[in-house]
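To keep things clear, I will list the structure first and then write my remarks on it.
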Amino acid sequence: METAINTNIAHYPTRSIKNNTWNNLLAVVDGQAENKTAWFLVTLVLQGVLFLPIPAVLLYYYHAPIIVLPVTFGLYLGSIIVGMGGSGIRVVIGWLLMSTLINLSMLALYIL
């Protein structure tokens, strides 16, 4: 006895894309692939000018623990590794956003 397998997939419901915002964001980020070097330089300058002085301010004025120094410096070195290590544009921009969020969170934690 042979069993017939229905290969007609027309009766299966199609999956609709539910998260258009996320897909649009990924499309914009992927469109920046040719500007990866510029994003890497923006990351280095932004972190070097705005975020590397954070440990000095937090340690001297707000008596923060010493852990803010290796966290900030580690994020800066991580951005160098991400940018020069051949990572994709999603990783470079994601690292910029993550390090910005962590540094601003440390500022808010110890100042407020």
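The values are calculated or read from the model by the stated rules, or taken from the named source; none is laboratory data. It should be emphasised that the depicted structure is a prediction, and the values quoted were computed from it without experimental measurement. Just the protein is used for accessible areas: all its heavy atoms, side chains included, with ligands, DNA and RNA removed. Shrake-Rupley method; radii C 1.70, N 1.55, O 1.52, S 1.80 Å.
So here's what we get for this one:
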read-out: Difference of contour (0.36 nm per residue) and Cα-Cα distance, Leu97 to Ile66; value: 8.8 nm
read-out: Ala64 long-range amide H proximity, modeled H, under 5 Å; value: Leu59
read-out: Cα-only radius of gyration and Dmax that characterise the stretch 72-112, units Å; value: 11.5, 38
read-out: Pairwise Cα inverse-distance average, inverted: Kirkwood Rh of the stretch 34-112 (Å); value: 12.8
read-out: In Hz, Karplus ³J(HN,Hα) per residue of the stretch 22-27 (6.51, -1.76, 1.60; θ = phi - 60°; x = Gly, Pro); value: 5, 5, 5, 5, 5, 5
read-out: Karplus 3J(HN,Hα) series, Hz, for the stretch 90-101 with 6.51 cos²θ - 1.76 cosθ + 1.60 (x for Gly, Pro); value: 5, 6, 4, 5, x, 5, 4, 5, 5, 5, 5, 5
read-out: With every protein chain in place, the stretch 12-112: carbon and sulfur % of accessible area (1.4 Å); value: 71
